[in-house]
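Worksheet for the structure shown next.
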Amino acid sequence: MTDIFSAIQRTAIRIKDAIDTKDIGYSQQENSSGETQLQLDIKCDMIIQEEFSGVASINTVASEEKEKEIVLNSSGKYFIAYDPLDGSSLVDVNLSVGSIFGIYEKSFEAKNMVASCYVVFGPRVEMVFAHNKTKLHLLQGENFEFVKEIRLGEKGKLNAPGGTQQNWEPYHKELVDSFFAEGYRLRYSGGMVPDLHQILLKGGGLFSYPSTSDRPKGKLRRLFEVFPFAFIFKTAGGDATDGERDLMELGCAHIHDTSPCFFGSKHEIQRVKEVYANNKQR
Ligand code: AFP
């Protein structure tokens, strides 16, 4: 795993340089979700594939920017699914963005995930790597230095509700409003990586991206966004659900499958499960 950790560090340094210097205009290509790719999405995807190609322990990679997985080394042990630059549509307004990596053994199934990592590109570059513990690292010069272990409190103070409100179920709106009524504060930038990073580092809260009338299966992708963050939150002492099941118990029939998702401290996730269970019975 150390070779993968080092390769991710190298990609982070190169992606940081690409964000700082490269063209952020649109390309002529679409990704598998039908979104027009930014030049920067393509560049970051290329950087990661290049770096991972040189790591013997990596068997297969799946990128959010590509239709199919790619076998790099059939004798390798690890399968890595990555989103090269999540939230890339925020680069033009200079908000934080991130890269996300889910690391599996044998196949891309949540039950086979062994580690997970994301890098936040903001005023500073930080990396969170979850294996047995969830650890924060800060880029200083050319090296990532360990800062601390991240542990979530039982209950937090932040509320990050995703999706278009007019398309929410009424009970989902009641749930979100109930947290605000208790004094939770709104924190939502539209970038999953910085939004979840904030909840992890400021002691907890809730990030939700529910099923909506326009997206019944949610927006966020299981392999590239949902499973990696579910693993990170659970390793940090929090929890993650789709409203009914533990996110880490979900399957994934196609690499671009999505799911409704909720990540947070234990208290908030318990509330989500109760509200969703009550409304399923109606
Ligand atoms: P982009 O990569 O298109 O900017 O989407 C970002 C994202 O996938 C995720 O990072 C956010 O949490 C989510 O979309 C925001 O979606 P809404 O704008 O619908 O709330």
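The values are calculated or read from the model by the stated rules, or taken from the named source; none is laboratory data. Please read all numbers here as calculations on a predicted model, not as lab measurements. Cβ sites come from the backbone with ideal geometry, for glycine too, and all protein chains shown count toward neighbours. Protein only, heavy atoms only, side chains kept; ligands, DNA and RNA dropped before computing areas. Shrake-Rupley method; radii C 1.70, N 1.55, O 1.52, S 1.80 Å.
Result for the chain in a Gaussian network model with C-alpha springs under 10 Å: among E225, E126, E67, the largest mean-square fluctuation is at E67. As a length-normalised measure over Cα pairs under 8 Å and 6 or more apart, the relative contact order of the chain settles at 15 percent. For the options E154, E109, E142, a Gaussian network treatment of the chain with springs between C-alpha atoms closer than 10 Å singles out E142 as fluctuating the most. Please label the shape of region 2-149 as rounded, prolate or oblate, based on the square roots a ≥ b ≥ c of the eigenvalues of the alpha-carbon gyration tensor (a/c under 1.5 means rounded; beyond that, a/b larger than b/c means prolate, else oblate). Oblate.
Quick check: at a probe of 1.4 Å, how many percent of the accessible area of the chain sits on carbon and sulfur atoms?
On the way: 5750 of 12540 Å².
It is 46 percent, rounded to a whole number.
Counted over region 158-280, the DSSP beta bridges are approximately 60% antiparallel. Taking 0.36 nm per residue of separation and subtracting the current Cα-Cα distance, fully stretching the chain between D214 and E35 would add 62.8 nm.
Excluding residues on the same chain fewer than 8 positions from K280, give the lysines whose Cα lies under 23 Å from its Cα. The reachable lysines, counting only those whose Cα sits under 23 Å from K280, are K173, K217, K219, K266.
From the alpha carbon centroid of region 181-254 to that of region 90-109 is 13 Å. Computed over region 158-280, relative contact order equals 28 percent, with contacts defined as Cα pairs under 8 Å that lie 6+ residues apart.
In this simple spin-label model, placing a label point 7 Å from the Cα along the Cα-to-Cβ direction at both M1 and A277 gives a separation of 3.2 nm.
Leaving out ligands and nucleic acids, note down the accessible area per residue over the chain with a 1.4 angstrom probe, in whole Å².
Details: 12540 Å² over 282 residues.
Heavy-atom accessible area per residue stands at 44 Å².
Excluding same-chain neighbours fewer than eight residues apart, the lysines reachable from K43 by a Cα-Cα span under 16 Å are K16, K22, K66.
Note on the chain: helix-only mean residue ellipticity at 222 nm, from DSSP H runs of 4+ residues weighted -39500 (n - 2.57) and normalised by residue number, equals -9500 deg cm²/dmol.
I need the calculated FRET efficiency for the pair N167 and D257, taking r as the beta carbon distance and R₀ as 22 Å, to the nearest 0.05.
Numbers: r = 20 Å, r/R0 = 0.90.
Between N167 and D257 the formula returns 0.65.
Once the C-beta distance of V93 and N132 is scaled by a Förster radius of 41 Å, the resulting FRET efficiency is 0.65 to the nearest 0.05. The charge dipole of region 2-149, taken about its Cα centre with unit charges on the Cβ of Lys, Arg, Asp and Glu (plus for the first two, minus for the last two), comes to roughly 540 debye.
A 1.4 Å probe, protein heavy atoms only, puts the accessible area of R222 near 50 Å². Entry note, region 2-149: relative contact order of 14 percent, from Cα contacts under 8 Å with a spacing of 6+ residues.
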